[in-house]
Structures are given as C-alpha cells and as structure tokens.
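Here is the structure we will look at.
Nothing in this text is a laboratory measurement; each read-out follows from the coordinates by a stated rule. Because the structure is predicted, anything quoted here is derived from the model rather than measured. Glycine gets a Cβ as well: all are built from the backbone with ideal geometry, and neighbour counts include every protein chain shown.
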Amino acid sequence: MTGTDDFDFSAPLPLPPGMLAELRAQYARPPRAYHNFDHVREVLDQFDAVSRGPGWHAPVEVFLALLYHDAVYEAGRKDNEQRSAELAQVAIAHWLPDAKVDVLRMTELILMTARHGHWAGQPLERDTALFLDCDMAILAAEPARFDAYDAAIAQEYRGKLPAWMFRHYRRRFLRGLLAAPRIFVSDWFHERCFEAARANLVRCLGNRNALKAGAGR
C-alpha cells in the first residue's frame, strides 16, 4: 500500500495533489452539513479498517468509489450518484490515466449507493457488500455522533422539502432499515456494528415518536 499525504492511513495508490484539491472543492459545493469531505474521511476510516481486517479484492476501485460517491450532492435530487460517477470518470481519465483503474467497476459501486436500505438479504459480491457498509457505518456510531449525523441530514433538506414531508420520508427510511433482515449486508460489519446501529435506530425513532406525540398535545 502506498501512502497518500492527505490521509492518515495507507491508500492503495497515490493521488496527485491537484486531484485531491479538486475533490475537496467539489465536496464543498454546495455547502453541506453531512455529505462533505469529513464524510469522505469517515468512510475511508472504514475502508482502512477493512484493509486491516478481511481485506479487499479490488482495493483501488473501492477506494476511488468511496472518494467520489458523494462528490455531487444536492439534497432531494435523484441523479446525485450518476453525476458523481461521471465526475469520477472524468477525474480518473485526467489525473490517473496510467493507473489501469476498472472504471466500470468503480462506477457500478457508486451507483449502488443510490439504493441504500434495499440490499439486505441480497447475494452481493464480498467487496460490494463491504463497500456499501463503509458508507452506512455511521449508523453504528456513538450516540452523540449518530445524533449529529441525523441532525445534519435534516439541515441539508431544510428548504428542499417541507419539514413534515422530510420527517415522513426520513422516518420511513430509518424504519425500513430497522425492519430489514439485516442492517448491514456484509457479515463483517453485521458482527461488529449491528447492535450499536439497532440501538441508535430504536432510540432515534423513539425520540421522533415522542416529539410527534408532544406536538399533538
């Protein structure tokens, strides 16, 4: 593994400084409460944990997919993942022309993040399952970090949807995760993260129900 100066862990390939600067700027447009470059760092921490644990079969493609999976993000749009994948393709052609990246594989991974919450119980290739779970590992964060994440998602949708509509869709998404056969699709994340994620979801949904009941009094 080759070190990349901008990160605190080993990366599967060095990234040109200009590529990182371009990517960091992209994650700041428009300003985002959660889907920003700090989110990239968090998912790459999970990437590193998998690297030190079960390992990756195709680390380069997974690494690049995690880097770019939310590069284009506007709350409420349905084409964020497609646009992120297209941006990644252009960036790799420009900055890493000789890296022999399997761009189709990287693109497939990015596009799959559009359907989080729908993969439980489906037979997925090992790297794919681990990749998707890296992005969802926030569900198993310490309660304070989970609450900050949940509040940041609400902030990103402020002005995009009426508050009542956001709460409805958000509650439906979280309930769907909790009701699914598994929260995490890989065995590795399931064993490490299920209990903490379930506790966060139960607590969060309980708080939302309490707020709803209070509002009706």
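A few notes on this one:
- Cα-based shape type of the stretch 2-215, given that a ≥ b ≥ c are square roots of the gyration tensor eigenvalues and the cut on a/c is 1.5: prolate
- Counting only Cβ charges, +1 for Lys and Arg and -1 for Asp and Glu, the dipole size of the stretch 154-203 around its Cα centre is about 360 debye.
- Candidates 19, 112, 136: whichever shows maximal mean-square fluctuation once the chain is modelled as a Gaussian network with Cα springs under 10 Å: 19
- Only Lys, Arg, Asp and Glu carry charge here, each on its Cβ (+1 for the first two, -1 for the last two); on that basis the chain has a dipole of about 1480 debye about its Cα centre.
- Farthest toward positive dipole pole in the chain [+1 Lys/Arg, -1 Asp/Glu at C-beta], among 120, 169, 69: 169
- Value at 222 nm in deg cm²/dmol, rounded to 500, when DSSP H runs of n ≥ 4 in the chain each add -39,500 (n - 2.57): -20000 deg cm²/dmol
- Fewest neighbouring Cβ atoms within 10 Å first, the residues 135, 147, 102 line up as 102, 147, 135.
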